[in-house]
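Written out below as structure tokens is the structure these notes cover.
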Amino acid sequence: MEYLDFELPIKELEEQLEKCVIIGKESDVDVTPTCKEINKKLEQTKKDIYKNLTAWQRVQLSRHPNRPYTLDYIKAICGDTFLELHGDRGFKDDKAMVGGLGKVNGQSFMIVGQQKGYNTKTRQYRNFGMANPEGYRKALRLMKMAEKFGIPVLTLVDTPGAYPGLEAEERGQGEAIARNIFEMVRLQVPIITIIVGEGASGGALGIGVGDKVYMLENTWYSVISPESCSSILWKSWEYKERAAEALKLTSSDMKKQKLVDDVIPEPLGGAHYDRETTFKTVAEYITKGYNELKDLSTAQLIAQRMDKYSNMGEFKE
């Protein structure tokens, strides 16, 4: 397990508990009361830390290296039913964007999402979860295929942003994202979107238009990352904590602003502490969301989706 800076008190107590157990095994001394005391202190420390997280700490948790990524969710929820589909039929297959057909609790879905890597080699292979235009065009191709066969769409968002390289701009990055938003708004099948990690800028919006939009508890969704915001406003990354608070990017902030439909609870410590529980909860929310949408007519579905996004940003003086 890797620990973030604010998790160091937990690391110290877990190491103490481990040493205590080893001493008990290697000697005749009864260390049960000591282990119980350390364990009790550990549980209380976890509660104190994770129940009072700042916006920046939630951003850090969303990037935790042990956190499950898109393919982890797909494999756990769909099992052997997932069939990955490749390519945009125009340029190439973008490894940062994965997609294919799979079943969630017996219901078929076209699943699309950004995939990050778990070590240096796979991070480079997946381009750190930053899709190129061909990735967004691949996503749109799969969504239009789902529409043709009447299959609901599930998108899993986890990206630090769309790839900002020169070649991406030359191939029409902005147009690809705009086209996806335009087409998703009028897609004739239900769309369920879940932010499972980072939801940064247009890179997230390119697959983020949904009838039901859920956020995992320790994720963020914003027009810009706290570091980039800090560097623009204060010419330095030092104010990233302040920027994170000001951006109102956490799941609770987004729910309060009615920009997402619901927040999916995570186990204490984050999704990586108990993956099985997280996968089970996510699957339940997918099924719940689909059941609320499946009986709507195509006209009702599109009208409801358009109204939802048209009403965002309204305010009363």
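The values are calculated or read from the model by the stated rules, or taken from the named source; none is laboratory data. From a predicted model like this one, the values you see are computed outputs, not experimental measurements. Note that each Cβ is placed from the backbone with ideal geometry, even for glycine, and that neighbours are counted across all protein chains shown. All accessible areas refer to the heavy atoms of the entire protein, side chains included, with ligands and DNA or RNA removed. Shrake-Rupley method; radii C 1.70, N 1.55, O 1.52, S 1.80 Å.
Laid out as a table, the results:
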{"read-out": "Cβ-derived FRET efficiency at R0 22 Å, Asn66 paired with Gln124, nearest 0.05", "value": "0.65"}
{"read-out": "From the coordinates shown, semi-axes √(5λ) of the Cα gyration tensor in Å corresponds to which of [x] 36, 23, 20; [y] 39, 37, 20; [z] 27, 25, 19", "value": "[x]"}
{"read-out": "Reachable lysines from Lys316, criterion Cα separation under 26 angstrom, eight or more residues apart if same chain", "value": "Lys212, Lys248, Lys255, Lys256, Lys258, Lys308"}
{"read-out": "Lysines with Cα under 24 Å of Lys36, excluding same-chain neighbours fewer than 8 positions away", "value": "Lys11, Lys19, Lys25, Lys46, Lys47, Lys51"}
{"read-out": "In degrees, nearest ten, helix 8-26 long axis to first principal axis of the chain (Cα)", "value": "50 degrees"}
{"read-out": "Most to least accessible of Arg126, Arg89 (protein chains only, probe 1.4 Å)", "value": "Arg89, Arg126"}
{"read-out": "Solvent-accessible surface (1.4 angstrom probe) belonging to Tyr214, in square angstrom, nearest 10", "value": "10 Å²"}
{"read-out": "Heavy atoms of Asp307 accessible to a 1.4 Å probe, total area in Å² rounded to 10", "value": "90 Å²"}
{"read-out": "Computed accessible area, Ile302, all protein chains, 1.4 angstrom probe, square angstrom", "value": "30 Å²"}
{"read-out": "The stretch 43-95 versus the stretch 153-218: alpha-carbon centroid distance in Å", "value": "15 Å"}
{"read-out": "Surface share of carbon and sulfur [accessible, 1.4 angstrom probe, percent] for the chain", "value": "52 percent"}
{"read-out": "Size of charge dipole - the stretch 51-167 - debye, nearest 20, with Cβ of Lys, Arg +1 and Asp, Glu -1, no other charges", "value": "240 debye"}
{"read-out": "Solvent-accessible surface ranking, highest first, for Glu227, Glu14, Glu317 at 1.4 angstrom", "value": "Glu317, Glu14, Glu227"}
{"read-out": "Whole-number accessible area per residue in Å² for the chain, which is evaluated in the context of all protein chains at 1.4 Å", "value": "50 Å²"}
{"read-out": "Accessible-area ranking of Asp48, Asp30, largest first, probe 1.4 Å", "value": "Asp30, Asp48"}
{"read-out": "For Val263, net neighbour charge (Lys/Arg +1, Asp/Glu -1) across residues whose Cβ lies under 13 Å away", "value": "0"}
{"read-out": "Acute angle (nearest 10 degrees) that the helix 32-50 long axis makes with the longest principal axis of the chain, alpha-carbon atoms", "value": "30 degrees"}
{"read-out": "Cα-based Kirkwood hydrodynamic radius, the stretch 147-296, one decimal, Å", "value": "16.6 Å"}
